[in-house]
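One structure below.
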Amino acid sequence: ATIPLPSLKVNSDERVYYCAHVTILLCAGFLFSRCSYLLSLLRPHICADLELKKHGLKVYLRDPHAFTPLLEEGVNGAPPRSLTLGSDMAMNQMEIGKFSQKDAKAFPDFVAHLEKLAGAIQPLLDASPVDIPGVTTESLRKRLAAAKTLMPIVKCGLKLGRNIPDFYEIITAPIMKILNRWFESEPLRATLATDAVIGAMTSPSNPGSGYVLLHHVMGELEKEKGAWGYVEGGMGGVSQAIASSARSYGVDIFTEKDVGQVLVGSDGAAKGVVLKDGTEIHSKVVLSNATPHVTFKNLTPQAALSPEFIKTVDQIDYTSPVTKINVAVDKLPNFLASPTPDDKPGPHHQCSIHLNCESVELLETAYKEAINRRPSARPMLEMTIPSVLDPTLAPPGCHTVSLFTQFTPYHIEGREWTDQDREAYADTAFDWVEQYAPGFKKSVVGRDILAPPDLERIFGLTGGNIFHGSMSLDQLYLARPLPFLSDYRSPIKGLYLCGSGSHPGGGVMGSPGWNAALAVMADLKRR
């Protein structure tokens, strides 16, 4: 499964197959992105190289970006307070000033600091990790060739300069250690902390949560740093644009064709794939963007892998805290903290709306409940309403609502999720939304609940992990997904990893596939 880059020429007598499986939910005129729901991290040079805009990719930028309403009694009949953050720094400072003038003054410096650290990572995203064996143990000629892999990390270090200690701290420390140094107001710290735990079974007080925040702010959209947006027609629009670009280069695309196994020849090299219907597709190269677990445990003949390798693959952490709930509503949610008349959207409706996120203590409590194998009684809810900006997603007057929720365990106190568990958890989430936006529950006309086991069963996300493997310190860069698999090559010659389980990790980024393609081209050239 590969898409040729413009620089990769495919002979007319060769076919490159790209097996894609894109799932959306269509319900009575509502169109949903069932899993991924926002775009930001997709690398700009990949968009340009594949001419994705030419092939139909359209993105609605969001501004402001984040809205955190509070549950409190308003003073003298005023609405409860809220915190709204966007690209207008003066407006951000005004919003933060409602809670702390000190924090309002510090916020521009914090954003600039974070942008500097995030910007320094860029060279590392678009290249394979350092070739440690090549640099240290090969012949002099091979060492010189492998030395080129040091350049991205050298560029990163030069960009950081005196900020190297700060960079080391943010990728290793609990995010609260950093946020507590910068800020004193709870709504601001909690809002920023949500990006440090999103998609990760961790708390803001755990080491490594700082990197998760950095990972989520290092993207850009329409040349705006850190911006996020909605893809017209849902996130499937990204896949469709890539598919259109691929076809323009002669790629054949087959959907609903399940791969049964990678074909491995007597020489131990990949020879193609066999579909579950028995069809064999032969090729010199196979790239898998399934998780490493699915690739090596489900799709690769076990006899072709050593027992030691299989045992190591079993050690990859796929713990997930996420339950995704897609909701169709016939009325726009109206928040007590920022009410709007006549069901008209306000600027805050286009944001990531953070509910149950007004204090770090709430996040910590929700995390501890999941660690104790119970769904959170007051879950962290990130609500988005993409139909506010994209009218193609819902009938007039109606809206699609995405609830990205945490924290939920893969097993509930040691047992499987039941339909009753799913419905009860969704009811809990809706009860909390109702407190922030009365009338929400009555507006619901349909819902789709995806607990961690559902994300695994339907989409092949091992453990339900949206990143194809935890973004913990022991599973990043040289160790992603394993220390001896960080260059996208597998023990099976001709079989490569190109999904988010590889460096640099999760998100709709494209970098793992880009880097894997470069590795393939280098190997083909050597052959």
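The values are calculated or read from the model by the stated rules, or taken from the named source; none is laboratory data. For clarity, every value in this text was computed on a predicted model and none was experimentally measured. Reconstructed Cβ throughout: ideal geometry from the backbone, glycine too, with neighbour counts over all protein chains shown. These area figures cover heavy atoms from the full protein model, side chains too; ligands, DNA and RNA do not enter into them. Shrake-Rupley method; radii C 1.70, N 1.55, O 1.52, S 1.80 Å.
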Partner aspartates and glutamates for Lys225 [C-alpha distance under 14 Å; skip if fewer than 8 residues away on the same chain]: Asp63, Asp88, Glu115
Once phi is turned into θ = phi - 60°, what whole-Hz ³J(HN,Hα) does the Karplus curve with 6.51, -1.76 and 1.60 give for every residue of the range 389-401, x standing for Gly and Pro? 9, 10, x, 6, 8, 8, x, x, x, 9, 8, 9, 10
Rg followed by Dmax, in Å, when the range 452-491 is reduced to its Cα trace: 11.7, 30
Given a 1.4 Å probe, how much area per residue of the range 21-104 is accessible, in Å²? 50
Separation of the Gln93 and Asp277 label points, Cα + 7 Å toward Cβ, nm: 6.3
Could you sort 402-408, 82-88 so that the peptide with the highest average Cβ count within 10 Å comes first and the rest follow in order? 402-408, 82-88
Between Met151 and Thr137, what is the label-point separation in nm under the 7 Å Cα-to-beta-carbon projection? 2.6
Gyration tensor (alpha-carbon) shape descriptor, the range 46-118, a/c threshold 1.5: oblate
³J(HN,Hα) across the range 302-307 via Karplus (A = 6.51, B = -1.76, C = 1.60, θ = phi - 60°), whole Hz, x for Gly/Pro? 5, 5, 7, 10, 6, x
Fully extended, how many nm does the chain gain between Ser359 and Glu115 (0.36 nm per residue separation, minus their Cα-Cα distance)? 85.4 nm
Round to a whole number: what % of the accessible area of the range 233-372 belongs to carbon and sulfur, probe 1.4 Å? 50
Expressed as a rounded percentage, what relative contact order does the range 60-135 have, with Cα pairs under 8 Å and six or more residues apart? 18
What number comes out for the charge environment of Lys276, summing +1 per Lys or Arg and -1 per Asp or Glu over other residues with Cβ under 12 Å away? -3
Length-normalised contact order of the chain in % [C-alpha pairs under 8 Å, at least 6 apart]: 21
To the nearest 20 Debye, how big is the dipole of the chain about its Cα centre, given +1 on the beta carbon of each Lys and Arg and -1 on that of each Asp and Glu? 1700
Answer check: the chain, Cα atoms, Kirkwood Rh, Rg/Rh ratio of 0.96
Among Leu362, Val135, Ser352, whose Cα projects farthest towards the positive end of the dipole of the chain, with charges put on the beta-carbon of Lys, Arg (+1) and Asp, Glu (-1)? Val135
Largest first and in whole Å, give the semi-axes of the range 463-527's equivalent ellipsoid, each being the square root of 5 times a Cα gyration tensor eigenvalue. 21, 12, 9
Hull volume in cubic angstrom per residue (convex hull over the Cα atoms of the range 81-230): 142
If the reach is capped at under 27 angstrom between alpha carbons, list the lysines near Lys284, excluding any in the same chain fewer than eight residues apart. Lys9, Lys142, Lys148, Lys257, Lys271, Lys276, Lys297, Lys493, Lys525
Note on the range 81-159: the mean projected area of its alpha-carbon convex hull, in nm², is 7.2
Note down the net charge around Leu518, summing +1 for each Lys or Arg and -1 for each Asp or Glu among other residues with Cβ under 14 Å from its Cβ. 0
